[in-house]
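All of the numbers you see were taken from the coordinates with simple rules; none came from a lab. All values derive from a computational prediction rather than experimental measurement. With ideal geometry, Cβ positions are generated from the backbone for all residues, glycine too; neighbour counts draw on all protein chains shown.
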Amino acid sequence: MMKDVFKTLLFFSFLLLFAFSKEPQVDKKSNVSLQNFAKIIVSDGGRLKPMQSLAMNYLLAFSGRSAYDGKSAEFWLAKVLFDSENTRDEKIFRIDNLDFIHAIDLKKEVKNLYSFNQLEPYGKDIERFYIDASHKPKESRNAFDNAVLKTYVNLVDYFYLTSAFSFTQGNNFIRLEDKKLKQQLGLDLTRDSFSYIELREKKEALEKLKSSSSKESKHLIDAYEMMSKEYEEYPIHLLALKMPGKDEVTWVSAWQVFSINPYQESSLESEIKLLSDLAYSYKQGDFKAFDENIEKFNEKVSNTLRLQGQSGVANKIKMEIFYNKMNAFLWAKVVFVLAFLSICFFLLKNFSFLRWISIIASFLAIILVFIGLSVRIYISGRAPVTNLYETFVFVALGTAFFSTIVELYKKNGIGAFTAAFCGFSFLMFSDGFVKGDTMPVLAAVLRNNFWLTTHVVTITIGYVGMIITGIIGHFFIFMAMKYPLTSPKLNEISQMIKGSLAFSFIFSSMGTILGGIWADQSWGRFWGWDPKENGALLIVLWILILFHAKAGKIIKDLGFAIGSVFGMVVTVLAWLGVNFLSVGLHSYGFTEGVSKGLLFYIAIQIIFLYLAFILVLRRQKILNPSK
Amino acid sequence: MYWRENLRGSRFVQLVVSLKLVTILLLILFFLVFFGTLYQVEFGLLKAQERYFNSLYFFAFGWIPMPGASLILCILALSLIFFNVIYLKYFWRNIGLILIHWTVFFFLFSFFLTYLFSKSGYMTLSEGAASFFMRHPYRWDFIIYDKKDFSHTKKINLLDLKENAHFQANALDFNIKKIEANAKIFYIPEKSGGKKVLSVSGMNVFVNDKSKRDPQKYVPAVEVELRGETYMLYGDDDEALKLDDEISLRLMPQTEALPIGLRLVEVKQENYENTVIAKSYESTVEITEKNTPIKKVKISMNEPYRYRGYSIFQNGYYLDPAYQTKYSTFEIAYNPFYFLPYWLTIFLFLGASLHFIIVFLVHNKKRVNAGKI
């Protein structure tokens, strides 16, 4: 057996080496890696993150993918920021709703991805639909409205991104044909169009021009002041500004710096110069200079943070880059598939070697998910179950971990099967919730609360227990079609269900009560019959019903197994179904696709239970005609 | 013990503690919780509480009597106490079970105590304002003001008001129709299907728009029929509905005087950087007793202030854009038994863990004896 384990470990070592020895991505055309660009610290969505994450979040929101054209997101974002004209034909806007596509008379693309240039002619229609949809209450919006809102917001975000560094580019507002005026300002006499930053460099001369009565001077001043004031909403907040009397730095965009006083020198002037230079070098294709300028810029920001005693920020940024690069959950899925295939072959052919492969693979995947979640906790500084995405990942980890323990104890393959199946499935489901930043900031009521953290973690472990119980229940039902109900094999599985259900009871009941304590701490009442509270109570009640019915001999092992499978339906309803109702204090965002999937699962599960019950009873009559 | 043996022979005791009865009760409770949750979508949390959870019985489809959750919980508590006293075996190996069963009983008992003795309400203050009145979350009064003779002013508890009532005040005869408006009502344009009525705010179109409901909030409304016209009086209306120069109507939340008062010194909302997402709300409040300032405290989200049995929670924040006035809403709860669930949680966790460990050890011992390990 040791030989088998050694072979397995060797196999996994090679797999890991392959996974982590990948070279950083390099754009072959430009021979630039954008590693320094990926490290730029930005403030977005209320938290600090690396430029790489910002790029991934935007691209995910636009296209549902974290890479474009085979290259990572930062390549795409750099192009959008510094060479936006050449990104207008890139098909990055995903529109799945056919009604919307037909409504604006757009030609359907194979992958439902459209470019800015394809959508721009329909801008007015999209805006009209957007106004209609945004006036509807959230609950009344249909798939069409949601598609319109998403597309409109994405287009606006894209436009904002393309404008973030527009201060370095020539524009239609700042046109100057008067040679005398150009001379007066010290501008290039051979050009008529200038960038905002070129004018800003002449701010003293510009200020003097304010008293001039010439039409062209007035026009120039108006354009300059208009851009300074009205563009302050443009992203990206990447400049660390020291504010007097504040311990922490304030993160601002270049346009925000300009808006403070367009005629005054700012403390961030050297950083802005670097930004301007790097934008220029990118446009010129001088990627060496681009990279060097970013390095200098990052160094300056780090110095500012160090002086303000915020060096910890840089560590978190490094960790987030590591997290993005590692892609732990993707690798975990791959390893879970291996574990699943191995255990399936074991259950069919009974080779013990395959069982060990499955256990070790699951163990490895668990470590990967654990590392991924731990890094997320470090970055976000909170419990790993604050949104639906995280609960799915946490449930994947929990089901795989506890099932592997069951497997090590019971050694019958059921635990290993449950670990691999649940680990993979829940990680797959979690992907459905990646629509942008998966570590968003929390609402005020959810922040800094010990009871909330303990409640959510405990209740989620309760869900884990119920799911494991349900999977074991499925095993019982399938085995009951082969063996008599009194057989030792079925008896053993029934004991497993009992143990697993007891485990679920501890965590579900504790989680429910801890939820009550949180509610008491936050709202002044222990129990309020809120839908989510009721959902948790339903799980506890269902477990109690099963235990009491079994003890009272109302149901036997088969009924207990069927009940445990139905417990999964109750769990899914409590976990996700509550969001259907759009009421209560806990309802987080719910997408139409998910609700359909949920209904489909419940229907399938109930039909399965009905058919299984009939089939098992018939089969048992054949297996045991005397009863 | 002899008396335990004796009581076990009682058919009543056998029935009450029977696992079949408990299973059926739990099943009924399961369905009550399920349907009570669904009911909230249509009728709001407070109506669901009233019908399914806080009631002893209710009528399904208007005529089928059904037990309410309170009745089921009472029978379960009875069953549990009988079981604990008469049947539960007090051996060391049952320590987990003993703790679980007694803790669950005391949980039910603590709910009962809370139901009887706790109270809660809201207080909304603008910066600089003070009050010692707490607004009831869902109890309202219907008031008929008589400007000419204030002693004729009538105050009727909305719960006591019939669905359709007839009133006479001075020379006016009018009918009142109570609206089940636990959900929020909005005025929407007539072209969208609103019912044409007259209202305090001057808008003449009304619809009970279900999509805009706020099930956590109870804001009632009444329709007033006078001289062939329909008027709408809404709980959120700032002004009274004037029927003529003397008679006016108003819906007001019931209030309760507190032994302590609050004065809002300042309220702050802090957003996450470069976003409009609220990071925290914090109010600076002066606590007063008999109009004498006692102390100044800070109350923020998740950090209530407890004083003389009252817990004061930061509940909401509102900025009136027209006047730039900041308002802070506090939830005020009085529950002398609030500590019970905290202690019971510890006992329940201890009991469940002990039981789980004991069962595991016994099971393992059996496996060892059977030669499986």
So for the protein assembly as shown, what are the equivalent ellipsoid semi-axes in whole Å, largest first, each being the square root of 5 times an eigenvalue of the Cα gyration tensor?
54, 45, 26
Rank by packing, highest mean first: peptides B:277-288, A:510-521, with packing defined as the count of other Cβ atoms within 10 Å averaged across residues.
A:510-521, B:277-288
Proportion of all alpha-carbon pairs of the range B:235-373 beyond 17 Å (%)
76
If I fit a long axis through the Cα atoms of helix A:450-480 and take the longest principal axis of the Cα atoms of chain A, what angle between them do I get, 0 to 90°, rounded to 10?
50
Can you sort B:L29, B:L354 by how many other beta carbons sit within 10 Å, fewest first?
B:L354, B:L29
Projected area of the range B:104-164, taken from the Cα convex hull and averaged over every viewing direction, in nm²?
8.3
Using modelled amide H (1.01 Å from N, peptide plane; none on Pro or chain starts), what sits under 5 Å from the amide H of A:L241, excluding residues fewer than 5 places away?
A:T250, A:W251, A:V252
After finding the eigenvalues of the alpha carbon gyration tensor for the range A:250-382, what semi-axes result from the square roots of 5 times each, listed largest first in whole Å?
50, 18, 11
I'd like the distance separating the alpha-carbon centroids of the range A:501-520 and the range B:323-369, in whole Å.
6
Apply 1/(1 + (r/R0)^6) to the Cβ-Cβ distance of B:L159 and B:K296, taking R0 = 35 Å, and write down the FRET efficiency to the nearest 0.05.
0.35
Starting from the Cα of B:T124, step 7 Å toward the Cβ, then list every residue of the range B:230-244 with an amide N under 19 Å from that point.
B:233-241
Most positive-pole-ward Cα, A:V369, B:F313, A:F116, against dipole of the protein assembly as shown from beta carbon charges:
A:V369
Virtual spin-label span in nm between B:N369 and A:K283, 7 Å along Cα→Cβ:
8.6
Structure shown: which of A:K208/A:K246; A:K273/B:K268; A:K71/A:K150 lie over 28 Å apart, alpha-carbon to alpha-carbon?
A:K208/A:K246; A:K273/B:K268
Burial ordering of B:C74, A:C422, fewest other beta-carbon atoms within 10 Å first
B:C74, A:C422
Long-range amide H partners of B:Q254 with built H, under 5 Å:
B:H136, B:R139, B:W140, B:D141
Given A:K242/A:K288; A:K410/A:K596; A:K138/B:K177; A:K349/A:K410, which pairs have Cα atoms separated by over 28 Å?
A:K242/A:K288; A:K410/A:K596; A:K138/B:K177
Sorted from fewest to most neighbouring beta carbons within 10 Å, what does the list A:H219, B:H101 look like?
A:H219, B:H101
Shielding by partners - mean other protein chain Cβ count within 10 Å, residues of A:106-116
0
Kindly express, to the nearest 10 degrees and within the range 0 to 90, the angle between helix A:269-284's C-alpha long axis and the longest C-alpha principal axis of chain A.
80
Among the helices of chain B (complete DSSP H runs), which have Cα atoms covering no less than 24 Å along the helix axis and a Kyte-Doolittle mean of at least 0.5?
B:19-43, B:95-117, B:340-369
Tell me the angle of helix A:2-20 to the major Cα principal axis of chain A, expressed in degrees between 0 and 90 and rounded to the nearest ten.
20
Using the alpha-carbon centroid of each, what span in Å lies between the range B:243-317 and the range A:422-441?
39
With each run of n ≥ 4 DSSP H residues scored as -39500 (n - 2.57), what mean residue ellipticity at 222 nm is computed for chain A after dividing by its residue count and rounding to the nearest 500 deg cm²/dmol?
-22000 deg cm²/dmol
Given A:K108/A:K333; A:K39/A:K111; B:K47/B:K326; A:K316/B:K298; A:K180/A:K203, the pairs whose alpha carbons are separated by over 26 Å
A:K108/A:K333; A:K39/A:K111; B:K47/B:K326; A:K316/B:K298
